[in-house]
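A quick write-up on the structure given underneath.
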Amino acid sequence: MGILNVLVTVSLAYVLFLFTVAFFADRSAARGRAKWLQSPLIYTLSLSIYCTAWTFYGAVGYAARSGVEFLTIYLGPSIVMIGWWWTLRKLVRIGRSQRVTSIADLISSRFGKSNSLAVVVTVIAVVGTTPYIALQLQSVTLALEAFAGDVAKTSGGPSATTLWLAAGLALFTVLFGTRNLDANERHDGVVMAIAVEAVVKLVALVAVGLFVIWGIGGGVGPTLERISQSDIARWDVSGGRWMGLMFLSASAVLTLPRMFQVLVVENEDERHLATASWAFPAYLMLMSLFVVPIAVIGLEHMPEGANPDLFVLTLPLSEGQNTLAMLSFLGGFSSATSMVIVAAIALSTMVSNHIVMPIWLSAQGSTAIVAGDVRHVVLLSRRLSIMGVLTLGYLYHHTTGGGEALASIGLISFAGVAQTLPALLGGIFWRGATRIGALCGMVVGFVAWAYTLFMPSFGPEVFLSDEFLRNGPMGIGWLRPQALFGISQGDPLVHSIIWSMSLNALAFFVGSLVSFPTPLERLQGAQFVNVFDHSTRPGSWSRGMAEAEDLLVMAQRILGPSEAQSLFRSEAASQGITGYLPETTPEFLQRLEREMAGSVGAATAHAMIGQILGRASVTVEDLMAVADETAQIMEYSNQLEAKSAELTRTARQLRAANEKLTQMSVQKDAFLSQISHELRTPMTSIRAFSEILRDGGLDEAALAKYAGIIHDEAIRLTRLLDDLLDLSVLENGQVSLNERIGRLGDVLDQAEAAAGIENSRLRVVRSRVREDLVLYTDLDRLAQVFINLISNALKYCDAKRPRLEIAVRDLGDNLAIDFVDNGGGIPTASQDVIFEKFSRVGSDQAAGGAGLGLAICREIVHRLGGTVSYLPGQGGAAFRVLLPMTVVRQNRGS
Amino acid sequence: MGRKPENPLFLERQRYRMRRIMDAARFAPVLAAFLFLIPLMWGAGQEVPTASALIYIFGAWAGLIAVTAFLSHKLRKMPRDNWQERP
């Protein structure tokens, strides 16, 4: 009797202590002094709700029954944590960017904010978690019974104890789990309390373990010796179960609602994951380190028929270590309560957001959003949900009466919630996953699980008759629940995992392949799968009929007046509007929806805004508007860049044109002055001599001489004007070419003759063989060029024995005709300008040219498709005429 | 034009190291799964004492924890924005 009183007192003191911790944690968080609350250590410890009373008590029982197999339950989560970079990091990032409140919310949000999907996940979670809560209640009751012997039964019976326990847990959860509405504001008090409980259970188990090894076993060596002599001395684990259980526990750590709550929803900083990735496996390792020694020594020391599930408690008790036993009880109590509290919070959020609120909203009609105090309703519905969840757990425990081995309920529960795994992983890694696929997969998997595992687990004659179990429905053998398709695996759990998970995955995959996602699904899919690339926000509302005032009224009901007003005011300010009513831009609506999603879930928030906007779904145009936003900005910036480049180009062109115009103006002036000068010289002599003739008194000879001079000057004038005319025609491109066939040699002969070589001292050297080419071009014009070049040599070659060599060369693409004399050549400085109009080397005008010859040559050759240039370094003046090979029709020579 | 490509071909040494550490973090769970599945090979015929099995599993576990702690420590020091970089 005494020990029970002490136990009750200690338990109550412990509970009071937890209340105090939670209260102060909440208060300091509210005051913003919660830095230490948000450390990675607290985060890691809060994950320890994975280790429930099932772990604390049940693992030893499990080990006593099946040996090392129990380790799979810890190895699976360890692998997931070690692989945080793959999955958890992404989940946490999505959870934070989408303001996810639960696993149901995440899946619903990913698949187009579908509430039906959220309902399915919620149902799976409730069905899967209720037995688990019952299990916790049962374990605490069992522990209490073991402690107090029969005393507990006399003071109201185990059932009453369980009821009190459930009520107490409900009270604690309501008090600290529903203090604030926004799930993303986190439950600092609760998290702190479960972190403390995590320490208590670890310390308790380690203490019992140390006592068992050193107090009873006699040290590590002897204990290992005892293990080798025990019933579980041999490694005897079936491969299927080893793998199956590892898979199951790995998926449980992702899909269990309570694990999702602490991993994703309560996560404060992504970097905490980095610490938890090794610290949580270390915690799990410590928790399981002493399980086998405790089991082995318990089997050895405890009487036949003692419940191995309670060895952690009964072993110290039987050794008279009451304090240690008390600590052990508190450890188990902590395990059970922390799990129940978090599970109740997680489940109540889901039930409230996805079942109660939608029903309430539709019952109220669309006016309700503006009229009712939604905040209050949400809180109330959550509180009721918590009580409902715990009531369900209690009822489950009461109906089944406990009695089953703890671990098997736990594994059945794991297998149930694991049915959300394909939708969850598919949703975050595969863009092609659709709502229909997720729905099919989860429903099929859940049904398969219920049929092959859950219902048979109650034993024959509860849900399924013995006949049904043995021979299948209506005697159809291949539908037997524990041997689907005639494949009897032997182990019903592995059988169920294989079938439910593969059918689930298959249905999910096929369903996704054949269905077509809505625009919102596709947008959300892209944002989930590429969460590390996208920083854009989810959602999408086009500027609609929404009145900012209506929205404010609604937001006040959900977020609370001050939060809603400050949100609206800051938005208005960012839009440059004073007051509380911003423009209802799509960005603002997205932001508002996100804020509200933190309170009531994504699907409900979307639906509520949809009601005010007058429609609950998005159009493709909306989506495109949102999705293309970035693309548009980029395109705009590209356009700007292109325009700027174009402007630079234009400016450059204008500058060049301006320069050219200036040059041309200078050239024109120079040209005019040159031409006046050139015209003036012959005019002057014509005038002078015609005056002499007019005055008379001249003899015949003088008369003839002066008339001859006038005639010569007039000819020179005419030639100058002819040249000018010719040049102008050529420069304007108005010249029409008279193309015909002819031999190059003939053209050169003709040019030589026209230039008057025969009567001069100039000796022309030619290679007749090389000139034997047939050309198709304007031969007269070509001859004009040749005449010019030959006359130049004639006029300017200052050698004593002038000599001109005309050489024809085949340069591949071009035909080169070189005119090289043996004179002094042209000074380097002048070589650039000799082809310009009126340019003459030196100052002598003796040759009588106006300096237009080479300019004309250049124009002509240009028209013929070639070039004429000065060839330096040939020992005299050298000009090269290049003609394209295309003018050569036939190569008779060489 | 003028924009930095998202996944440049060549990285400076430090960023290159960082990415290899990310690769290692991705590989760690594969290694863990492999180590924890080795007991499957102890199957029939071979009598493995539970004590040895425990020593192996806990040894492997502790080793993996140490490796993960090392990698996480490196990754933690990196600015969070870099976490999104592709390999």
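Using the Cα atoms as the points, what is the convex hull volume per residue of the stretch A:275-340 in Å³? Present the calculation step by step, with values, prior to reporting the outcome.
On the way: hull volume 6.4 nm³, N = 66.
About 96 Å³ per residue, rounded to a whole number.
At a Förster radius of 25 Å, what calculated FRET efficiency corresponds to the Cβ-Cβ distance of A:Asn471 and A:Ser66, to the nearest 0.05?
That pair, A:Asn471 with A:Ser66, gives E of 0.30.
For the stretch A:623-731, which whole percent of the accessible surface, found with a 1.4 angstrom probe, sits on carbon and sulfur atoms?
60
For A:Thr886 and A:Arg719 in the same chain, what is the full-extension length gain: residue separation times 0.36 nm, less their Cα-Cα distance, in nm? Could you put the intermediate results ahead of the total?
Numbers: separation 167, 0.36 × 167 = 60.12 nm, distance 3.34 nm.
Gain in length upon complete extension: 56.8 nm.
Please calculate how many Å² of accessible area the stretch A:705-799 carries per residue, with a 1.4 Å probe and no DNA, RNA or ligand atoms counted.
53
So, in nm, how far is label A:Asp813 from label A:Arg761 when the simple model puts each one 7 Å beyond its Cα toward the Cβ?
The two pseudo-label positions are separated by 4.2 nm.
May I ask you to derive the FRET efficiency for A:Glu563 and A:Leu12 from their Cβ-Cβ distance with R0 = 56 Å, giving the value to the nearest 0.05?
With a Förster radius of 56 Å, E is 0.90.
Sort A:Arg383, A:Arg716, A:Arg594, A:Arg768 by accessible area with a 1.4 Å probe, largest first.
Numbers: A:Arg383 80, A:Arg716 60, A:Arg594 40, A:Arg768 135 Å².
Ranked list, largest accessible area first: A:Arg768, A:Arg383, A:Arg716, A:Arg594.
Using amide H atoms built in the peptide plane, which far-off residues or other-chain residues are under 5 Å from A:Arg803 H to H?
A:Arg763, A:Asn822
Using heavy-atom solvent-accessible surface (probe 1.4 Å) with all chains present, what is the largest-first order of B:Met41, A:Met302? Don't jump to the answer; show the numbers that get you there.
Working: B:Met41 135, A:Met302 30 Å².
So, going from the largest accessible area down, we get B:Met41, A:Met302.
List, in order, the whole-Hz ³J(HN,Hα) value for each residue of the stretch A:222-235 obtained from phi through the Karplus relation with A = 6.51, B = -1.76, C = 1.60 and θ = phi - 60°; use x for Gly and Pro.
For the stretch A:222-235, the Karplus-derived couplings read x, 5, 4, 4, 5, 4, 5, 9, 8, 5, 10, 5, 9, 5 Hz, x marking Gly and Pro.
Between A:Ala233 and A:Ala363, how high is the FRET efficiency from 1/(1 + (r/R0)^6) when r is the Cβ-Cβ distance and R₀ = 60 Å? Nearest 0.05.
FRET efficiency, A:Ala233 to A:Ala363: 0.40.
For the stretch A:855-860, what does the Karplus curve 6.51 cos²θ - 1.76 cosθ + 1.60, with θ = phi - 60°, yield as ³J(HN,Hα) per residue in whole Hz, taken in order and with x for Gly and Pro?
4, 5, 4, 4, 4, 5
Sequence-distant or interchain residues sharing an amide H contact under 5 Å with A:Phe838, placed H: which?
A:Leu852
For A:Val220, A:Val212, give me the order by solvent-accessible area with a 1.4 Å probe, most accessible first, ignoring ligands, DNA and RNA.
If we order A:Val220, A:Val212 from most to least accessible, we get A:Val220, A:Val212.
When the Kirkwood hydrodynamic radius is evaluated over all pairs of different C-alpha atoms of the stretch A:2-407, what value in angstrom, to one decimal, is obtained? Please list the in-between numbers first.
Working: mean 1/r = 0.0459 Å⁻¹.
Computed over the stretch A:2-407, the radius equals 21.8 Å.
I'd like the accessible area for A:Asp236: 1.4 Å probe, protein heavy atoms, all chains in place, Å² to the nearest 10.
Here the residue's solvent-accessible area equals roughly 120 Å².
Determine ³J(HN,Hα), in whole Hz, for all residues of the stretch A:333-346 in sequence, where each value follows from phi through the Karplus function 6.51 cos²θ - 1.76 cosθ + 1.60 and θ = phi - 60°; x replaces Gly and Pro.
4, 4, 4, 5, 5, 5, 4, 5, 4, 5, 4, 5, 4, 4
For the stretch A:623-731, list log₁₀ I(q)/I(0) at each q in 0.14, 0.18, 0.23 Å⁻¹, using the Debye formula over Cα point scatterers of equal strength and ignoring solvent, two decimals each.
Treating every Cα as an identical point scatterer, log10 I(q)/I(0) equals -0.80, -0.97, -1.16.
To the nearest 100 Å², how much accessible surface do chains A and B hide from each other in total, with a 1.4 Å probe?
On the way: alone 39840 and 7400 Å², together 43270 Å².
By this definition, chains A and B bury close to 4000 Å².
The values are calculated or read from the model by the stated rules, or taken from the named source; none is laboratory data. Worth saying up front: this structure is predicted, and the values here are computed from it rather than measured. Positions of Cβ are generated from backbone atoms using ideal geometry, with glycine treated the same way; all protein chains shown enter the neighbour counts. Please note that ligands, DNA and RNA were not included when accessible areas were found on the heavy atoms of the full protein model with its side chains. Shrake-Rupley method; radii C 1.70, N 1.55, O 1.52, S 1.80 Å.
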